[in-house]
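One structure below.
Values in this text are rule-based calculations from the coordinates and carry no lab data. Just so it is clear, the model here is predicted, and its values are computed rather than measured. Using ideal geometry, Cβ is built from the backbone for each residue, glycine included, and neighbour counts are taken over all protein chains shown.
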Number of protein chains: 2
Amino acid sequence: MHDRHPTSQVLTMDDQTFLIDCGEGTQVQMNRFKIRRSRINNIFISHLHGDHYFGLFGLLNSLSLISRTEDLHLFAPAPLESILKEVFRVADTRLSYPLFFHPLDQEGQIWEGAKATVSAFRVFHRIDCWGFLFREKEKQRKVDIDKAREYGVPASFYPRLKEGSDYDRNDGFLVKNEWVTKPAPHARSYAFCADTLFEPSLCQYVKGVDLLYHESTYLEEQAEKARLRFHSTASQAARIASQAGAKRLLLGHFSSKYTDLDPFLTEARTVFPNTELSVEGTTYLVS
Amino acid sequence: MHDRHPTSQVLTMDDQTFLIDCGEGTQVQMNRFKIRRSRINNIFISHLHGDHYFGLFGLLNSLSLISRTEDLHLFAPAPLESILKEVFRVADTRLSYPLFFHPLDQEGQIWEGAKATVSAFRVFHRIDCWGFLFREKEKQRKVDIDKAREYGVPASFYPRLKEGSDYDRNDGFLVKNEWVTKPAPHARSYAFCADTLFEPSLCQYVKGVDLLYHESTYLEEQAEKARLRFHSTASQAARIASQAGAKRLLLGHFSSKYTDLDPFLTEARTVFPNTELSVEGTTYLVS
């Protein structure tokens, strides 16, 4: 048996802590890596294979045991709702917090915050399975206050400067936006492709993302097994990253049959050099 | 957060490996303590609170992933059956082995092997909850072959000697059983009392057991909290052990609020000296 745990990822964006999938033992791992469970307000479950959600029962329970009161939003394939209800019913559990269940039933935006959105898209697995795209909203340009004053732009016009407008001065002089502002910081994006077959049509959903997580359960020598089991190879993941114009690729979900993961990296980098292996407990910065 | 895991125990008796309860992470702990999952043929779940069964989904799944073919018997409160069916259905899982579900619905013997039996009895928790008594069958006396020959008992009569019969020799001499046999080895017993209120009527089920596991979630200073939450104190567990005439008491299920467990031992030993704390990964011999 290998020493890797089932899938779970934590993403921080827009001052939110998102939990993506929740395999058995996720709580223990969160403790180990000092991630505060109480900060999670939104959980996304890609599909109902156990290695992606068997830790959810315990996590939802524990949040109640520590008397959470904030809303918790759960985005998951529809059948999970009745399973959870039954698990809570037989235990006579009344959660201490409101749990909102959002069944995944159509592609598109499923969450919106002040500074980011989350979209869901279908991937191609043996059962109903979803990928998630986390994207910061386009940011505003930054006003260079010294320059704006120099050009005589009043502070009341700054909000429009941030949106990119030029300023038409009373004396007929047009202050070009780019003279008094700095470009908006890059709006970052992260795509989680869950468990999936190699399917180039996925590229449309993850086009140009800063970081693409794509499973690579097998190496290319096992491409046929990958296909039969609705999984991908490292090389296939790299082809998706390349075709989608992703900036960086993160491989994961390696079959427990492999103890040495270096060949995954080597294989993928032949196709897409900017590839990394996901390692338990590691934080990856999206930039 | 304390570093203790939810409940699960492994008992070896009658060449069988029994699993009692299966909290989240049980598989990982079994790996850690080198317990072979494949040897388990019977699983007993006391009740449907998550800390006693959330690891079961993953374990049943994994046994299928490693292509188990032997029958597996699961004894648990009835509602678990439909939960498991739904979990397997939504994952499109067909187990590689036959899983027999035995709903716990009446007290008495629920399992019988060549050399042991298992009985279930109701305990007193907030929801339907069961204790289990594991008991070796009465063993046969051992023939002292030298003595038997000396007294002229033919080998064909040995099976009856083992059952305790005297031998009526042809010459009219009666060979007393105890002259040619040694006493049967002690038939050992272990009782698992699950999560329960202090309830002296439990003593009838666990009378004279060699080892009694009784929960002690709290210390006596929290007796009222224990009562309200359908749990017991260390002192109450010791009173059960004492009144039942158990030979030895094993305490467990300590609230995570307590980091120092020594007071549990001290408190229980005042009432019942032969008490031990259950420690993760430790093996307790029943004798």
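Out of the stretch B:67-141, which trypsin sites (Lys or Arg not before Pro) are coil in DSSP terms and have no more than 11 other C-beta atoms within 10 Å?
B:Arg94
Calculate how many DSSP beta bridges within the stretch B:13-83 are antiparallel, expressed in % of all such bridges and rounded to the nearest 5.
10 percent
Could you state, as a whole-number percent, how many of the C-alpha pairs of the stretch B:43-138 are farther apart than 19 Å?
46 percent
Pop out the Kirkwood hydrodynamic radius of the stretch B:83-188 from its pairwise C-alpha distances, inverse of mean 1/r, in Å to one decimal.
With all distinct Cα pairs of the stretch B:83-188 included, I get 18.3 Å.
What is the fewest-to-most order of B:Ser8, A:Ser232 by other Cβ atoms lying within 10 Å of their Cβ?
By the 10 Å Cβ count, ascending, the order reads B:Ser8, A:Ser232.
Sequence-distant or interchain residues sharing an amide H contact under 5 Å with A:Ser8, placed H: which?
When sequence neighbours closer than 5 places are left aside, the close amide H contacts are A:Gly23.
What's the magnitude of the charge dipole for the stretch A:142-182 around its Cα centre, counting Lys and Arg as +1 and Asp and Glu as -1 at the beta-carbon? Answer in Debye, nearest 20.
Taking the Cα centre of the stretch A:142-182 as origin, the dipole is about 140 debye.
Based solely on C-alpha atoms, express the radius of gyration and the Dmax of the stretch A:37-97 in angstrom.
11.3, 29
So what's the Cα pair-distance distribution over the stretch A:175-287, bin width 10 Å, in %?
Per 10 Å bin, starting at 0, the Cα pair percentages come out as 15, 45, 24, 8, 5, 3, 0.
If r is the Cβ-Cβ distance from B:Ala155 to B:Glu112 and R0 is 25 Å, what FRET efficiency results, to the nearest 0.05?
0.25
So the label point sits 7 Å from Cα along the Cα-to-Cβ vector; using that for A:Gln109, what distances do you get to the other copies, in nanometres, sorted shortest first?
For A:Gln109, the other copies' label points sit at 6.7 nm, shortest first.
At a Förster distance of 51 Å, what's the computed FRET efficiency of A:Phe173 paired with A:Thr12, Cβ-Cβ distance as r, to 0.05?
Approximately 0.70, to the nearest 0.05.
If you take every DSSP beta bridge fully contained in chain B, what fraction is antiparallel? Give it as a percent rounded to 5.
50 percent
Give me the percent of Cα-Cα pairs in the protein assembly as shown that sit more than 47 Å apart, rounded to a whole number.
The proportion of pairs with Cα distances above 47 Å equals 32 percent.
What whole-number value in cubic angstrom gives the convex hull volume per residue for the C-alpha atoms of the stretch B:142-182?
So the per-residue hull volume is 55 Å³.
Helix A:262-271 sits at what angle to the longest principal axis of chain A, using alpha carbons and giving 0 to 90 degrees rounded to 10?
Helix A:262-271 sits roughly 50 degrees off the main axis of chain A.
When the dipole is taken about the Cα centre of the protein assembly as shown, and only Lys, Arg (+1) and Asp, Glu (-1) are charged at their Cβ, what size is it in debye, to the nearest 20?
Computed charge dipole of the protein assembly as shown: roughly 400 debye.
Considering only A:Pro200, A:Pro185, A:Pro103, give the residue with the highest GNM mean-square fluctuation for chain A, with springs between Cα atoms whenever their separation is below 10 Å.
Of A:Pro200, A:Pro185, A:Pro103, the most mobile in the Gaussian network model is A:Pro185.
With the cut-off at 23 Å, tell me which of the pairs B:Lys34/B:Lys142; A:Lys34/A:Lys137; A:Lys85/B:Lys85; B:Lys139/B:Lys176; A:Lys142/A:Lys247; A:Lys115/A:Lys207 have Cα atoms farther apart than that.
Long pairs (Cα-Cα over 23 Å): B:Lys34/B:Lys142; A:Lys34/A:Lys137; A:Lys142/A:Lys247.
What gaps in nm, shortest first, separate B:Gly164 from its twins in the other copies when you place the label 7 Å past Cα toward the beta carbon?
9.6
Between A:Glu163 and B:Arg32, what is the spin-label point distance in nm, taking each point 7 Å from the Cα along the Cα→C-beta axis?
5.7 nm
Let me confirm one metric for peptide A:86-94, namely the mean number of other chain beta-carbon atoms within 10 Å of its residues' beta-carbons.
If you average over the peptide's residues, the count of other-chain Cβ atoms is 6.
Nearest 10 degrees, 0 to 90: what angle lies between the long axis of helix A:79-90 and the longest principal axis of chain A (Cα atoms)?
Between helix and principal axis, roughly 60 degrees.
Between copies, how far does the label point of A:Arg89 sit from its twins, in nm, shortest first, when each point is 7 Å from Cα along Cα→Cβ?
1.3
Can you check what the net charge comes to around A:Arg248, using other residues whose Cβ is under 10 Å from the Cβ of A:Arg248 (Lys, Arg +1; Asp, Glu -1)?
-1
Out of the GluC sites (Glu not before Pro) in the stretch A:43-101, which ones are loop residues according to DSSP with at most 16 other C-beta atoms within 10 Å?
For GluC sites (Glu not before Pro) across the stretch A:43-101 that sit outside H, G, I, E and B with at most 16 neighbouring Cβ atoms in 10 Å, the list reads A:Glu70.
State to the nearest 20 debye the size of the charge dipole of the stretch B:78-128 about its Cα centre, where the only charges are +1 on K and R beta carbons and -1 on D and E beta carbons.
120 debye
Applying 1/(1 + (r/R0)^6) with R0 = 25 Å to the Cβ-Cβ distance of B:Lys137 and B:Ser201, what FRET efficiency is obtained, to the nearest 0.05?
0.45
Would you mind listing how long the stretch A:1-67 runs along its three principal axes, going by Cα atoms, in whole Å with the largest first?
Largest to smallest, the principal-axis extents are 35, 26, 23 Å.
Restricting things to alpha carbons, tell me how big chain A is in terms of Rg and Dmax, in Å.
22.3, 77
On a 0 to 90 degree scale, rounded to 10, what angle separates helix A:56-65 from the longest Cα axis of chain A?
70 degrees
Sequence gap at least 6, Cα distance under 8 Å: using those rules, report the relative contact order of chain B to the nearest whole percent.
Relative contact order of chain B: 12 percent.
Output the relative contact order of the stretch B:142-182, whole-number percent, from Cα pairs under 8 angstrom with separation of 6+ residues.
Here the relative contact order equals 49 percent.
What is the list of residues in the stretch A:196-224 whose amide nitrogen lies under 14 Å from a point 7 angstrom out from the Cα of A:Gln243, following Cα to Cβ?
A:197-208
Going toward the positive end of the dipole of the protein assembly as shown, with +1 on Lys and Arg Cβ and -1 on Asp and Glu Cβ, which of B:Ala226, B:Tyr284, B:Gly131 do you reach last?
B:Tyr284
Could you pull out every one of the lysines with an alpha carbon less than 25 Å from that of B:Lys225, ignoring same-chain neighbours closer than 8 positions?
Leaving aside lysines fewer than 8 places away in the same chain, those within reach of B:Lys225 are B:Lys257.
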